[in-house]
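The values are calculated or read from the model by the stated rules, or taken from the named source; none is laboratory data. Just so we're clear, the structure is a prediction, and the values are computed from it rather than from any experiment. Counting neighbours? That spans all protein chains shown, and the Cβs are built from the backbone with ideal geometry, glycine included. Surface areas here come from the heavy atoms of the whole protein model, side chains and all, with no ligands, DNA or RNA. Shrake-Rupley method; radii C 1.70, N 1.55, O 1.52, S 1.80 Å.
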Amino acid sequence: EKVVFTFGGGGAEGDRSMKQLLGGKGANLAEMSSIGLPVPAGFTISTEACHYYSSHGGIWPRNLKQSVKDGIHFIEEKMGTRFGDSEHPLLISVRSGAAVSMPGMMDTVLNLGLNDYTVEALMRHTNNERFAYDSYRRFIDMFGCVVMGISHEKFEHALEDLKETQGVEHDTELDTESLKELVDRYKAVYRKATGYMFPDDPYEQLEKAVNAVFESWDSDRAVKYRRINHITGLLGTGVNVQAMVYGNMGDDCATGVCFTRNPSTGENRFYGEFLLNAQGEDVVAGIRTPQDIKALQNVMPDPYRELVGIGKKLEKHYGNMQDIEFTIQKGTLYILQTRNGKRTGHAAIRIASDMVAEGLVEKRHAVKSLVEPGHLDQLLHPQIDQKNSNGNAVIGQGLPASPGAAVGKVVFTSEEAEQAVIDGTPVILVRIETSPEDVGGMSAAEGILTSRGGMTSHAAVVARGWGKPCVAGCGDIIINYENNTFTNGEITIHEGEWISIDGARGTVYQGKKDVVKPELDEDYHTFMTWVDEIRKMRVRTNADTPEDSKRALEFGAEGIGLCRTEHMFFGEERIKAIRKMIVSNSLEERKEALEKLLPYQKKDFTEIFRVMKGFPVTIRLLDPPLHEFLPDEPEEIKKVAGELGIRHSEFAEKVRLLREFNPMLGHRGCRLGISYPEITEMQTRAILGAAIELKKEKIKVIPEIMVPLIGTPQEFRSQKLVINNTAADLFEETGESVEYKVGTMIEIPRAALVADQIARDAEFFSFGTNDLTQMTFGYSRDDAAKFLGEYIKEGILQQDPFQVLDTEGVGQLIEMGTRLGRETKPELKVGICGEHGGEPSSVSFCYEHGLDYVSCSPFRVPVARLAAAQATL
Ligand code: PEP
Ligand code: MG
């Protein structure tokens, strides 16, 4: 069996389809070489050889030794050098590389082949004595650590000792003589640690290095990594052996990095930097300032032209903008690496539309591979300007709760935020957590920062709905409301000081960062039409106001999947009415209070229906526990009692009685509608009354009335009866009628388990994956941030399940609920309206499991459209 695959000199024995056998790195090197790119010659030892080695107690397959020799001869011939030669030595790098990129395996060994003779040749060729000996001592260190497992500290000690005797502080101050001395000391370290002399035979060096790569496959770290990430079915790692090339052998040498198009603007122009007579690390380390790639044209016109041509070829081959690393050794160009280039959202859109226009790629390819959902997020929100990142201190890191950048002065209360806006001052509202009472201030603020709460906490959900930047659950900071300060233990920020937040990354900065405004240009709109041509699943929005609905429509929403009616109760008059309802002592009192709310609700629905122009609108009946509408601070309780005109003590007692130990599992959802059917009646009247209004305006709406939080078919049936009876009464009273649907949320695990029974009565399902995740894991959605960070760090969870759908567990309930529901009712419409409806991998899961639509906050609608289109490709 063939165990070694060569590449270089314009050909290769492998290609990019051979990842299983050659590993990802090996397959890509072969691919580049086979399309004629000048990659330094080399070979890959197959993963099968690694498998043989580990399953035969550390023995090489019979033909490996000779194949490696032949491989080396192949490189020698291509490069015009010889392994171990003292005139023109071949020096090589050795790297591991499995089919899946995998930290924990052996790193890189550079400059293998160096010994006391070849180092002299390297010195002559680079004309740089210091460089040659520095490379040599680094090689002994690297070989000793990586291949032989000697602790790096031992080499560090030797280095420190020498610096001390020489009286210098930095490595760079050591002269060549000292470096030569260091080489000897390193060899002594090696000998002492291993009991052997440092091998000066290059073939021995190579054999040891290959064995080390093989063995790293079974290292504890690598095994653990594969177990945690469920990586199975791989044979082993490949070993890549490749000729070293040098950009520092004189003024006909250079090294650099380039992009085939501008990665920040997307402009179709070669872009990049290089350094003359330098090695790759110099570019990265920032020791010297690189020159613009255009200057290369003057110094080395031929290699430059070749490089530009290669860029074009690679773009066409990979169908994507490329990020290329190159080295020019004595006038000869080598490509060391190419990969799809990272880019800004703006550039991604431009590159996609340009590449389609240039005929380089098809629209489908552009949608699938050239724009990531995260790129759209960048386009829709202001961003921290990374170009002028003035070095403001990072104060803390929290959850990326709602993307976008915001800059403002710190305030700690909603009242101050609202006042500041009147004064024209931008502010960031900083709260331990937010509650519905804070919405005024949240809306006024530029951004929101909380120290507690997760991805589905009040602050996160509301901010995302408005497209307002929010960092939630930033446990790094302690907020002191009394002193009007917060601190991370080192920096203390007072009220009125400037901070900046980056809601896409969860970062909080001291001071004012520069921000760039979002813009949606022609390219964006064109791209999104391609997205919609390909997409099959519908995308709706979660919206509770006409403004949000309008914005969502502009972002391409095709209906409302969740209108949370409780959000409509927070105006001054309304909250009073609902509080009156809550504290009522009799049915009559309650009905009277509800009577006051009815016109508000009806008006809201009428406007939303009007904006949504006949698109489907799902309205959910009241869901949260009632105490959320009541104040909890003693001062506030007193004030509100006065406003409601009831005795303070009586009101305080009501508030106390309504408090629950586990409000999320308490008196909420359909349980409220069952206890107080008059609430359901009022909401039904408002919804259907609004639809009747619109019928008069010749706008047809089919409202979808949604019952929250059911766990049994009986709960649903009881609410459906109330709705139907109310509808019948209303139609009789008005002499008008409209079509409507009654469905339910599936957000309690039990509902998913008995979905076949529920579907007998329900006309649609919508998975509320926020509650479903909460109840499936048993993690409180408002408290989980306390430990989820640790869980993720420890590898107990891979992701925050409130952010990214847990397809393995919660996903089973979605799959089962959908399947059982449709067994009863094949035409059952099924969607999702939890926060996962706007998260790309979750959207993809929903498509694969046959959901009809996803619903998400307005600003995530474009992201969901793209994710839904990509899921089909
Ligand atoms: C849900 O639980 O997923 C849902 C959409 O409802 P809410 O977030 O309002 O509880
Ligand atoms: Mg819910």
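Quick rundown of the values:
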{"read-out": "Residue that is farthest from Ala417 (Cα to Cα), among those in region 445-458 that are buried (at least 24 other Cβ atoms within 10 Å of the Cβ) and modelled with pLDDT of 90 or more", "value": "Thr450"}
{"read-out": "The listed residue being modelled with pLDDT of 95 or more, more than 25 Å from Asp761 (Cα to Cα) and not aliphatic (A, V, I, L, M), out of Gly838, Gly834", "value": "Gly838"}
{"read-out": "Selection within region 822-847 - over 23 Å from Arg564 (Cβ atoms) and touching an Asp or Glu at 6+ places or on another chain (Cβ under 7 Å)", "value": "Glu823, Thr824"}
{"read-out": "Where a residue in region 646-675 is free of Cβ contacts under 8 Å to residues at least 12 places away in the same chain and its partner, wherever it lies, is more than 16 Å from ligand 1 (Cβ to nearest atom) and open to solvent by 50 Å² or more (accessible area, probe 1.4 Å), with Cβ under 8 Å and at least six apart", "value": "His648/Lys638; His648/Gly642"}
{"read-out": "Top-ranked residue of region 71-80 - restricted to ones that are open to solvent by 30 Å² or more (accessible area, probe 1.4 Å) and of a type outside the set (Phe, Trp, Tyr), ranked as nearest to Thr332 (Cα to Cα)", "value": "Met79"}
{"read-out": "Options Arg685, Arg659: the member that is under 24 Å from Pro616 (Cα atoms), in contact with a helix residue (DSSP H, G or I) (Cβ under 9 Å, 6 or more places away or on another chain) and basic (Lys, Arg)", "value": "Arg685"}
{"read-out": "Every residue from region 469-489 that is of a type outside the set (A, V, I, L, M) and open to solvent by 30 Å² or more (accessible area, probe 1.4 Å)", "value": "Gly475, Asp476, Asn480, Tyr481, Glu482, Asn483, Asn484, Thr487, Asn488, Gly489"}
{"read-out": "Extreme residue, least open to solvent (accessible area, probe 1.4 Å), among residues of region 332-371 that are among the hydroxyl-bearing types (Ser, Thr, Tyr) and more than 25 Å from the chain's Cα centre (by Cα)", "value": "Tyr334"}
{"read-out": "Helices (runs of 4 or more DSSP H) wholly inside region 104-181 containing at least 1 residues that are closer than 20 Å to Gly280 by Cβ and modelled with pLDDT under 95", "value": "118-126, 129-142"}
{"read-out": "Exclusive hit being within 16 Å of ligand 2 (Cβ to nearest atom) and either within 39 Å of the chain's Cα centre (by Cα) or closer than 30 Å to Leu820 by Cβ (or both), set Leu626, Leu688", "value": "Leu626"}
{"read-out": "Subset of region 764-786 (residues that are more than 14 Å from ligand 2 (Cβ to nearest atom) and either open to solvent by 50 Å² or more (accessible area, probe 1.4 Å) or among the β-branched types (Val, Ile, Thr) (or both))", "value": "Phe777, Gly778, Asp783, Lys786"}
{"read-out": "Any hit, region 671-686, residues being closer than 29 Å to Asp800 by Cβ, within 16 Å of ligand 1 (Cβ to nearest atom) and open to solvent by 10 Å² or more (accessible area, probe 1.4 Å)", "value": "yes"}
{"read-out": "Positions within region 460-484 being at pLDDT 90 or above and within 15 Å of ligand 1 (Cβ to nearest atom), in sequence order", "value": "Ala472"}
{"read-out": "Restricting region 704-763 to residues that are touching a strand residue (DSSP E or B) at 6+ places or on another chain (Cβ under 9 Å) and of a type in the set (Val, Ile, Thr), the residue that is surrounded by the most Cβ atoms within 10 Å (Cβ to Cβ)", "value": "Ile746"}
{"read-out": "Qualifying positions in region 850-865 - more than 16 Å from ligand 2 (Cβ to nearest atom), farther than 20 Å from Glu763 by Cβ and either open to solvent by 10 Å² or more (accessible area, probe 1.4 Å) or over 17 Å from the mean Cα position of the chain (by Cα) (or both)", "value": "Pro858, Phe859, Arg860, Arg865"}
{"read-out": "Neighbours by Cβ (under 6 Å, 6+ apart or cross-chain): first from region 766-791, small (Gly, Ala, Ser); second more than 14 Å from ligand 2 (Cβ to nearest atom) and open to solvent by 10 Å² or more (accessible area, probe 1.4 Å)", "value": "Ala785/Gly473"}
{"read-out": "Of all residues making up region 693-734, the number that are more than 16 Å from ligand 2 (Cβ to nearest atom), assigned to a helix (DSSP H, G or I) and of a type in the set (Asp, Glu)", "value": "4"}
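Each row is one residue, and each column tells you yes or no for (1) within 13 Å of ligand 1 (Cβ to nearest atom); (2) in contact (Cβ under 8 Å) with a residue 24 or more places away in the chain; (3) more than 23 Å from Arg668 (Cα to Cα).
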{"residue": "Glu794", "(1), (2), (3)": "no, no, yes"}
{"residue": "Gly821", "(1), (2), (3)": "no, yes, yes"}
{"residue": "Glu827", "(1), (2), (3)": "no, no, yes"}
{"residue": "Cys856", "(1), (2), (3)": "yes, yes, no"}
{"residue": "Thr872", "(1), (2), (3)": "no, yes, yes"}
